[in-house]
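Please read the structure below before turning to the comments.
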Amino acid sequence: MRKTRRTSKVGETLRGAIVEVFRHDLKDQRLAMVTVTGAEISPDLHFARIFISGLNEDEARQIASDLNAQEGRIRHFLGQRIRLRYTPELDFRYDETPARAGRIEELLSEIKKQDDES
């Protein structure tokens, strides 16, 4: 999705509102371990892709799937928290960025360890 100043601003607002919905409106204990890492908004503001991460990749993927199943309910709560003409359709996805960053850190540590031994 193309990023503009407007979509970035709405994305940050949406991300914060979704965190509040997770914290106060949804009664799922698993959401306490989930981090909303970002939100991408379509230029017409009708679609939003929400990225989440958690401690366990498989569990975070399952939570994303469960959140997609509750999309209508989450949109309802979201519509009460944000002031937009149209509450966007939501698509929850697992964010692989933290896992990739952790793997890169591991590889760099191994390389440094090997260099120190040489």
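Quick look at the values:
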{"item": "Tally, over segment 1-15, of residues that are more than 16 Å from Phe92 (Cβ to Cβ) and assigned to a helix (DSSP H, G or I)", "result": "8"}
{"item": "Near pairs, Cβ below 6 angstrom, 6+ apart or cross-chain, from segment 67-83 (in contact (Cβ under 8 Å) with a residue 60 or more places away in the chain) to any residue that is assigned to a helix (DSSP H, G or I) and of a type in the set (A, V, I, L, M)", "result": "Leu78/Ala17; Leu78/Val21; Arg81/Ala17; Ile82/Ala17"}
{"item": "Residues satisfying the stated conditions in segment 48-61, i.e. modelled with pLDDT of 90 or more and either in contact with a Gly (Cβ under 7 Å, 6 or more places away or on another chain) or surrounded by fewer than 15 Cβ atoms within 10 Å (Cβ to Cβ) (or both)", "result": "Phe51"}
{"item": "Index of the failed condition, Ser42 passing every other in (1) surrounded by 14 or more Cβ atoms within 10 Å (Cβ to Cβ); (2) without any contact (Cβ under 8 Å) to a residue 40 or more places away in the chain; (3) more than 14 Å from the chain's Cα centre (by Cα); (4) within 19 Å of Asn68 (Cβ to Cβ)", "result": "(2)"}
{"item": "Helices (runs of 4 or more DSSP H) (entirely within segment 16-118) containing at least 2 residues that are in contact with a helix residue (DSSP H, G or I) (Cβ under 8 Å, 6 or more places away or on another chain)", "result": "57-69, 71-81"}
{"item": "Residues (exposed (fewer than 14 other Cβ atoms within 10 Å of the Cβ) and within 20 Å of Glu20 (Cβ to Cβ)) located in segment 86-109", "result": "Tyr86, Glu89"}
{"item": "Hey, Glu89 at negative phi and touching a residue at least 12 places away in the same chain (Cβ under 8 Å) or not", "result": "yes"}
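Matching residues to (1) more than 21 Å from Ala101 (Cβ to Cβ); (2) in contact with a Gly (Cβ under 9 Å, 6 or more places away or on another chain):
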site	(1), (2)
Val10	yes, no
Arg15	no, yes
Lys27	yes, no
Ala32	yes, no
Ile41	yes, yes
His46	yes, no
Leu67	yes, no
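The values are calculated or read from the model by the stated rules, or taken from the named source; none is laboratory data. Bear in mind that the values here come from a model prediction, so they are computed numbers and not experimental data. Glycine gets a Cβ as well: all are built from the backbone with ideal geometry, and neighbour counts include every protein chain shown.
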